[in-house]
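Here is the structure we will look at, set down as structure tokens.
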Amino acid sequence: MPRGSEELTNARKAEIINACAKLYDTKNFKEITLKEIGEKTSFTRTSIYNYFQTKEEIFLALLQQEYEKWIVDLNEMLHNNKTMSAEQFADCLARSLEKRERLLKLMSMNHYDMEANSRMENLVAFKTVYGNSMRTVTSCLQKFFPRMTAGDIQEFIYAFFPFLFGVYPYTVVTDKQKEAMEKANANYVFLSIYEITKSIVRKLLQGMEQ
């Protein structure tokens, strides 16, 4: 780690992560190189290695950042509402993810490689934030649906979070993919991030209202 204040270190990490985010909006993981990321920062490309040792570490940090943003949305839902019906909760949770397309895109990546090529300290930092997202959703369920038992909440979490990993590839489809589905007679039905998320949340909460 380079000499300097913690504030400078965090600022440079943030600059690297944000550079990666901008590239990721138009390219996929395989296309992006450390060189390209470095070219979008205000310091030398080789300096990146003082903060991140691999491209996977940068993407893991970006994923962590996106989870942190989602947690802010979840906490707003938790603290700004005294009560919520299943319909209202499903709507609000779906809308919180509708504006987090980058989070869902990152979720659809190969996490095994991303995590395997990251140092333990970075992986622990990510897992801590990931765990916080589950705990925040749990807090929402405990507040708005008091009829849910600990087992009910666990079933919701274990169904909902794995479901999120498939939302992006199902809802964000290229013209080529659509054409292939049509030629294969696969009867593909397009659903938006909002629609598919709201639908699954409503199903998971059936019978849980007071």
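Every read-out reported here was derived from the displayed coordinates using simple, explicitly stated rules and does not represent laboratory data. If you're wondering where the values come from, they're calculated on a predicted model, not measured in any experiment. FYI the Cβ positions are ideal-geometry reconstructions off the backbone, even for glycines, and counts take in every protein chain you see.
Stretched out fully, how many nm does the piece from GLU115 to TYR170 gain, at 0.36 nm a residue minus the Cα gap?
17.4 nm
Build a GNM of the chain with springs between Cα atoms under 10 Å: which of GLY151, GLY166, GLY38 gets the top mean-square fluctuation?
With Cα springs under 10 Å in the chain, the top fluctuation among GLY151, GLY166, GLY38 is at GLY151.
Do you know the relative contact order of the chain, to the nearest whole percent, from alpha carbon pairs under 8 angstrom that are 6+ apart?
So the answer I get is 25 percent.
Filter the trypsin sites (Lys or Arg not before Pro) in segment 61-116 to those in DSSP coil with at most 10 other Cβ atoms within 10 Å of their Cβ, and list the result.
LYS82
Relative to a virtual label point 7 Å from the Cα of GLU101 in the Cα→beta-carbon direction, which members of segment 169-188 show backbone nitrogen distances below 19 Å?
Only 169-179 pass the distance filter.
Taking Cα atoms, how many degrees apart are the long axis of helix 120-144 and the longest axis of the chain, rounded to 10 and kept between 0 and 90?
20 degrees
By how many degrees, between 0 and 90 and to the nearest 10, does the Cα long axis of helix 193-204 differ from the longest principal axis of the chain?
50 degrees
List the relative contact order of segment 1-72 as a percent without decimals, with contacts defined as Cα pairs under 8 Å and 6+ residues apart.
35 percent
Sorting VAL129, VAL137, VAL189 on the 10 Å Cβ count, fewest up front, what's the list?
VAL189, VAL129, VAL137
For a 22 Å ceiling on Cα separation, which of these pairs sit above it: LYS105/LYS203; LYS22/LYS99; LYS178/LYS203; LYS82/LYS127?
Beyond 22 Å between Cα atoms: LYS105/LYS203; LYS178/LYS203; LYS82/LYS127.
Angle between the Cα long axis of helix 150-164 and the longest principal axis of the chain, 0 to 90 degrees, nearest 10?
Around 50 degrees separate the two axes.
Among ALA86, GLN64, ASN50, which residue has its Cα furthest toward the positive end of the charge dipole of the chain, with +1 on Lys/Arg Cβ and -1 on Asp/Glu Cβ?
Ranked along the dipole, the leading option is ASN50.
Quickly work out the LEU191-to-THR138 label distance, labels modelled 7 Å from Cα along the C-beta direction, and quote it in nm with one decimal.
Between THR138 and LEU191, the simple spin-label model gives 2.7 nm.
Give me the dipole magnitude in Debye, nearest 20, for the chain about the Cα centre, with unit charges on the beta carbon: positive for Lys and Arg, negative for Asp and Glu.
For the chain, the charge dipole is close to 160 debye.
Report the label-to-label distance for GLU31 and SER47 in nanometres (one decimal), using points 7 Å from each Cα along the Cα→Cβ vector.
Output for this residue pair reads 2.8 nm.
Please list, or write none, the aspartates and glutamates whose alpha carbon is within less than 19 Å of the alpha carbon of LYS55, excluding same-chain residues fewer than 8 places away.
Within reach: GLU15, ASP25, GLU31, GLU36, GLU39, GLU66, ASP113, GLU115, GLU121.
Per the Kirkwood formula on distinct C-alpha pairs, the Rh of the chain is how many angstrom?
Value: 19.0 Å, from the Cα pair sum.
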